[in-house]
Amino acid sequence: MDTLTQSRSGATLGAPGARGGATIAFGCVRHQRLRPCGNAFEYGSYFLRLPVRELPEALAGTRLIGYNRWNLFAFHDRDHGGRDGGDLAEWIDALLRANGVDDATGPVWLHAFPRVLGYVFNPVSFWFCHREDGTLRAILCEVNNTFGESHCYLLDHADGRALRFGEELEARKVFHVSPFCRIEGRYRFRFMVTAQRSVMRIDYDDLHGPLLKTSLSGTHVPLSDARLLWAFLRFPLFTLGVIARIHWQAARLWIKRVPFIPKPDSPAAEANR
């Protein structure tokens, strides 16, 4: 099976670049700050992998997740993209074209947290954008801060060649996320994605060198009501916990007297490389 991989449950999982159904991935979030004082944490998590061009069909088979409607779990178009509830496939295609990427017309996979009991906060969501032949043309990292703002980092090669999982990609930091980090330096990204497992790593270097090391990883299984129920019982109020942990870690840094950086204006452009 060259484009589909068999899961333990007998269902098929779409390989990177292939078309397939939605999955849920169980894994963990890791974060480490290196200076001026160390601070690290790790906690269990889960996220969805959704085929953006087939969202209604991908979510139609589960009763516990609503598409643009309330449910125990939900996915709303307005939580991503232009935040206007518009079609997300149209939004990503338009953004890519505006940035000179006009050949990513194949499958687009979005890795993101779902709403849980009506609430969601995604520190970062990942859009994997493929050509029709299945090769990976670009990755969009959609970043949200706790001030209600969002910005996208577009990762691709200037000459249009396909991205390779495992290679290091870079983007200049232009968007304020943490009040304990200045807008300077660069992000370094590395992705390892297969049908069964995803690892998304983002390291941040300021002008003095490496400062933050972060990652989100998970093992994928087909999305089902049973797995959603297990996720809810294992991680109740998960998305509220995401925002609570962000503020708790900020309080720890403040107690450690890490310098506080006031929020500057957001970048005018929707995305940058």
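The numbers here are math on the coordinates, done by the rules we state, and not lab data. All values reported here derive from a predicted model rather than from experimental measurement. Methodologically, a virtual Cβ is constructed for each residue, glycine included, from the backbone with ideal geometry; neighbour enumeration extends over all protein chains shown.
Summary table below
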read-out: Positive-end residue of Ala268, Thr146, His130, charge dipole of the chain with Cβ unit charges; value: Thr146
read-out: Relative contact order (percent, whole number), the range 162-273, Cα cutoff 8 Å, 6+ residue spacing; value: 25 percent
read-out: Within the chain, helix-based [θ] at 222 nm, where runs of 4 or more DSSP H residues each add -39,500 (n - 2.57), nearest 500; value: -5000 deg cm²/dmol
read-out: Packing-based order for 75-85, 61-71, using average beta carbon neighbours within 10 Å, highest first; value: 75-85, 61-71
read-out: Tensor-based shape of the range 165-273 (alpha-carbon gyration tensor, a/c under 1.5 rounded, otherwise prolate or oblate); value: oblate
read-out: Net charge dipole size for the chain [Lys, Arg +1 and Asp, Glu -1 on Cβ; Debye, nearest 20]; value: 1280 debye
read-out: Sparsely packed GluC sites (Glu not before Pro) within the range 159-233, loop by DSSP, other Cβ within 10 Å at most 11; value: Glu167
read-out: Most fluctuating residue given options Phe47, Phe165, Phe175, as computed from a GNM of the chain linking Cα atoms under 10 Å; value: Phe165
read-out: Viscosity 0.890 mPa s, 25 °C: Kirkwood-radius Stokes-Einstein D of the chain over Cα pairs, µm²/s; value: 128 µm²/s
read-out: Cα gyration tensor, the range 49-170 - rounded (a/c under 1.5), prolate or oblate; value: prolate
read-out: Among 19-29, 190-200, the order from most to least packed when residues are scored by Cβ within 10 Å on average; value: 19-29, 190-200
read-out: Local net charge near Thr23, Cβ-Cβ under 10 Å (Lys/Arg +1, Asp/Glu -1); value: +2
